[in-house]
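As structure tokens, the structure follows; a few thoughts come after it.
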Amino acid sequence: MEMPYPAEARHSTGIYAKHPIAFVRGQGARLWDQAGREYIDCMAGHGVANLGHAHPAVVRAIAEQAGRLITGHEAFYNDRRAEAMERLAHLCPGLERVYLCNSGTEAVEAAIKFARLSTGRPGVVAAMRGFHGRTLGALSATWNRHYRDPFEPLVPAFQHVPFNSVDALERAVDPQTAAVLLEVVQGEGGVHVADAVFLEAAQNLCRERGALLVIDEVQTGLGRTGKMLAVEHFGLAPDLLCLAKSVAGGVPMGAVLIGGRVQGFAPGVHGSTFGGNPLACAAAVAALDAIVAEGLPRQAAEKGLFLLSRLRQMESPLVREVRGLGLMIGIELRRKVAPYLEALLQAGVVALPAGLTVIRLLPPLVITYPEIELVLGAVGSVLKESLPVAEA
Ligand SMILES: *Cc1c(COP(=O)(O)O)cnc(C)c1O
């Protein structure tokens, strides 16, 4: 198929496997391409657009703030930053300080540094299949060899235990461990929900052995799983919690929420030029208020249950398992998913892979029931075709 914008093809690095479609406009859970064709967005920019596209409150906040003050370093105070910090500090009891940055990997990177700073220890215990970002520290905590291998040697003192293995965690957390770093639902790794006993063991081991519990909610946070934060499903009390993706309604922002056990902060020890900029903070205030006002966590819980149960009823021989929490859903096939994702795109549904064999659905939480029916119709018809691919 022809590339819609040859200049972009010519000047791109090639690190993204691009589809020959350009999205030029969005509204709620809908996207439109350069030819005016409409799609239902179950990708949401990799879980960013929880509020949907062009949410009026976010649009207004950005426009107003852009005309007033876009940039402003944290060396000075700012009205919008104060509002954003206050809201972020209320998300999780006990996490009352906030470090602001600009992406998920930066949030994880900061949390790793804060854990080392606070404990004076080097070690990080993460989980197999975990994904935490692409900068060298966060990459060292990421499991997938495909992302890691070209960049060895990575940061020392990182190790991975099987997700949900309490025994392995018991063996791994020792007097050199600064942090246990986990996702509550592994997103990139295939949509795997943690066992309550595993998370509880991680929290207890950290407390007993002087390590810090870092929860990466970059993908699960802000309503996605049916609670404001996914830790609420498990009554978990982490020491550090990472947010990004949807936190500022689509404007780049990352945040680390920080608890009382984390020590050692002093001027100059870490920082970010763009972190806490007034534009992103204004967008975050609007986004966080809209998520609460519209009850999006509850909506995600209800719509997620509906979507999960309908997908489970499909009983296609191609499907190995359907799993998820809220509107974070994985359909594991017995085949490689790439041709099925392509067929979904042809049917007007933009979905994501999670690994080679899982179709991942991360729609905006504002997706409507009629839109969900369209998605179900497309998934159903695509899974009826046995596309010509090898068994996974
Ligand atoms: C997307 C993601 C990241 C990385 O976020 P970026 O903004 O792409 O750097 C980190 N952790 C998790 C769990 C993610 O889903």
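Could you list, in sequence order, all residues of region 226-241 that are closer than 25 Å to Ile329 by Cα, out of contact with any His (no Cβ under 9 Å at 6 or more places or on another chain) and either in a loop (DSSP other than H, G, I, E, B) or open to solvent by 30 Å² or more (accessible area, probe 1.4 Å) (or both)?
If the condition is that a residue be closer than 25 Å to Ile329 by Cα, out of contact with any His (no Cβ under 9 Å at 6 or more places or on another chain) and either in a loop (DSSP other than H, G, I, E, B) or open to solvent by 30 Å² or more (accessible area, probe 1.4 Å) (or both), then Met228, Leu229, Glu232, His233, Phe234, Gly235, Leu236, Ala237, Pro238 are the ones that fit.
Considering region 73-123 alone, what residues qualify as being surrounded by 19 or more Cβ atoms within 10 Å (Cβ to Cβ) and of a type in the set (Ser, Thr, Tyr)?
Passing the criteria: Tyr99, Ser103, Thr105, Ser118, Thr119.
Please verify whether Leu182 is away from the ligand (no atom under 16 Å from the Cβ) and surrounded by 20 or more Cβ atoms within 10 Å (Cβ to Cβ), treating the condition exactly as stated.
So Leu182 fails the test.
In region 284-336, which residues are under 29 Å from Val251 (Cα atoms) and acidic (Asp, Glu)?
Of everything in region 284-336, those that are under 29 Å from Val251 (Cα atoms) and acidic (Asp, Glu) turn out to be Asp289, Glu294, Glu302.
Kindly establish whether Leu257 is of a type outside the set (Phe, Trp, Tyr), within 13 Å of the ligand (Cβ to nearest atom) and either within 17 Å of the chain's Cα centre (by Cα) or assigned by TED's automatic domain parsing to the domain that holds Leu362 (or both).
Answer is no for this residue.
Can you confirm whether region 1-14 contains a residue that is in a strand (DSSP E or B) and either under 23 Å from Glu217 (Cα atoms) or more than 25 Å from the chain's Cα centre (by Cα) (or both)?
no
From the residues in region 206-225 that are open to solvent by 10 Å² or more (accessible area, probe 1.4 Å) and not charged (D, E, K, R), which one is farthest from the ligand (Cβ to nearest atom)?
The selected residue is Gly210.
The values are calculated or read from the model by the stated rules, or taken from the named source; none is laboratory data. Given the structure is predicted, the values throughout are model-derived calculations rather than measurements. Because the Cβ atoms are built from the backbone with ideal geometry, glycine has one as well, and the counts that use them run over all protein chains shown. Each accessible area value is taken on the protein alone, full model and side chains, heavy atoms only, with ligands, DNA and RNA left out. Shrake-Rupley method; radii C 1.70, N 1.55, O 1.52, S 1.80 Å.
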